[in-house]
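What follows is a single structure, written as structure tokens, with notes after it.
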């Protein structure tokens, strides 16, 4: 198997590709920066990065460098929306290449990503923890339906392994984005141009003014607005709150439309389900155990939050230094 | 009130002699509880075993819990400020409700002990590949067992990933089509459909179901119900050779999809194991500290070697308050109970009994007796 510049162009996020850039002394020429901008725009606006010309070795270095330039621009913007869009597009692009690779190359990419993948006869096997980390929550991916033996999920098809690598790539691309650094002037200019593609987030017309929402709900809404991938529990809590706060299904669906994996039908179904089942709002203690309580506002339940009573406690606790000493228990 | 004071004294005596050893103590949150509430104060943090020992001797709590999670700042609040680093993987098995009531009977205790053993050996070791050294088993202190897994592979798994592990244990979401299905393969340039199923030598539930089926097939009558020819030993041997490769098509079985669906669902129904799924999923759960006192029974949540689980007798091996005689007045009836060295009961309400301290405390904490007179 050839670890050549064509391979690095296909998988520029691999550590080996970074080593190649360093050892070859690739510099960011204006041409490369422009390629980086096109890559970023493709990812963010169209959700798709175009494939590079195969068999033209000159194009390979341009492709590899464009990945670095693109990352710099998105990092410079420090926005979860851009980071998410880029990570998703990069991972889909990598999958498209992986699907056409021979088995040893697929395994090499997986292992270079830190995924414990190995051949298993004609099929593949992946370490159980990595399997859980990178597989979608789908019934046919459920651990209970796999051939799990001695910590390895065996008998995986290439299709499933590629799906696992795709998720690992997404997380790899995401990590480190938004890190502050000194960027070349040209990169900064292109970053500014890129920022103009940010869609305007429409404020849903709310019955309860949003300023009266508790800090935890505000935090969830702003995380959602920047396309952060909220965990299931956070989505449920937010949806219950919004239902209880009197928003109709259309408005709630619209608020969820910025989720990176948004699907209108699914979202609508789940909101309707929550409304029908009349779920009660999780208490502050439950919100806290889910890791989505952000302030000690003493309201006991987000629905009971009253800015005039609890607002100042919330503010004080969000400012205060961390409580690091134990509270002694009395006997 | 008198009873609470007596028990508090006994708890003090226990912690004066023995303090639980806690791996990675400085990254965990602790909670103490009272007779009214199992976790009354939480968000507590100790830097050393010494600090924990001092706190236990001072507070003499009815219950002690610690976090399965590890934090950078275990005492910070709210939870997000603790900065979660990872968590042990926890399994909580409780004897299911049975008519034995509050004095869990030996049969229930033995049943849940056997399930704990199966979980550890067949699931954690065989399926998950967890080394024995990373598995710590302890009595819950009342009517079940806890397993703490400290294998670093699972350390940073989130709630959803842990849910998958819990679902694996309970068999939730097991799907027929992932086990039995028709597969199309090219044979002599033609697409041939063949019926595939779980091989007894495969991993996971494929192997479990394959082996269960293999066992059922030993019964000639059952074999005959699939296909009469299977009663013939040579035909059966050839069929089984296929089954071992996941090929269930060496012999035509009429309505095979229906028949295997029925067998599969029969197997799936037998699955439920009594783990508390929420305990496994909750990445910031406080759970009883191993080797601490359970204030609802007075037993210690004692840790023991997995190989010894078959010999573990809760009322004997988890005894924490010694065998000094104490007098109690029965307020309710109590059944005969085996404490290993001796048996107590059955007792009628109103009677006064002189019992070893561990047994006396057990009856008092179960609300069936009250301490009588002065000590001794």
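Just so you know, all these numbers are worked out from the coordinates, no wet-lab data involved. On a predicted model such as this, the values are computed, not experimentally measured, just so you know. A quick note on method: Cβ atoms are made from the backbone with ideal geometry, for glycine too, and the neighbour counts reach across all protein chains shown.
Some notes on this structure:
- Between residue B:317 and residue A:139, the modelled label-to-label distance comes to 4.1 nm, taking each label 7 Å out from Cα in the direction of the beta carbon.
- Calculated [θ] (222 nm, deg cm²/dmol) that DSSP helices of n ≥ 4 give over chain B, each run adding -39,500 (n - 2.57): -9000 deg cm²/dmol
- Degrees separating the helix A:80-98 axis from the principal Cα axis of chain A, which is the longest one: 40 degrees
- Candidates B:218, B:307, B:324: whichever shows maximal mean-square fluctuation once chain B is modelled as a Gaussian network with Cα springs under 10 Å: B:218
- A prolate overall shape is assigned to segment B:141-216, the ratio a/c of its alpha-carbon gyration tensor axes (a ≥ b ≥ c) being 1.5 or greater and a/b exceeding b/c.
- Computed per residue of chain A from DSSP H runs no shorter than four, each worth -39500 (n - 2.57), the mean residue ellipticity at 222 nm is -16500 deg cm²/dmol.
- Sorted by Cβ neighbour density within 10 Å, fewest at the top, the residues B:189, B:70: B:189, B:70
- Stretched out straight at 0.36 nm per residue, the stretch from residue B:251 to residue B:50 would grow longer than its current Cα-Cα span by 65.4 nm.
- Available extension along the chain between residue B:72 and residue B:110 is 9.7 nm, counting 0.36 nm per residue and deducting the alpha carbon span.
- Prolate/oblate/rounded label for the protein assembly as shown (Cα gyration tensor, a/c 1.5): oblate
- Taking every Cα-Cα distance in segment A:136-186 and sorting them into 10 Å bins starting at zero, the pair-distance distribution P(r) comes out as 19, 36, 21, 13, 10, 1 percent.
- Shielding score for A:133-143, defined as the mean number of other chain Cβ atoms within 10 Å: 4
- Rounded to the nearest 10 degrees, the angle from helix B:233-243 to the longest Cα principal axis of chain B is 70 degrees.
- Efficiency of FRET between residue A:27 and residue A:48 - r from beta-carbon atoms, R0 22 angstrom, step 0.05: 0.20
- Among B:191, B:286, B:124, the largest mean-square fluctuation in a Gaussian network model of chain B, built with springs joining Cα atoms closer than 10 Å, belongs to B:191.
- Helix A:158-174 vs. chain A, principal-axis angle (Cα, 0 to 90°, nearest 10): 70 degrees
- Cα gyration tensor shape for segment A:244-314, rounded if a/c is under 1.5, else prolate or oblate: prolate
- Spin-label pair residue B:303/residue B:233, simplified geometry with 7 Å Cα→Cβ offset, distance in nm: 5.4 nm
- Across segment B:67-221, the relative contact order, built from alpha-carbon pairs under 8 Å that are at least six residues apart, equals 17 percent.
- Burial ordering of B:196, B:288, fewest other beta-carbon atoms within 10 Å first: B:196, B:288
- Residue of A:277, A:218, A:171 that the Gaussian network model of chain A assigns the largest fluctuation, springs spanning Cα pairs under 10 Å: A:277
- Computed over segment B:240-303: relative contact order in percent, which uses C-alpha pairs under 8 Å that are six or more apart: 14 percent
- Neighbour counts of C-beta atoms inside 10 Å place A:63, B:36 in the sequence B:36, A:63, starting with the fewest.
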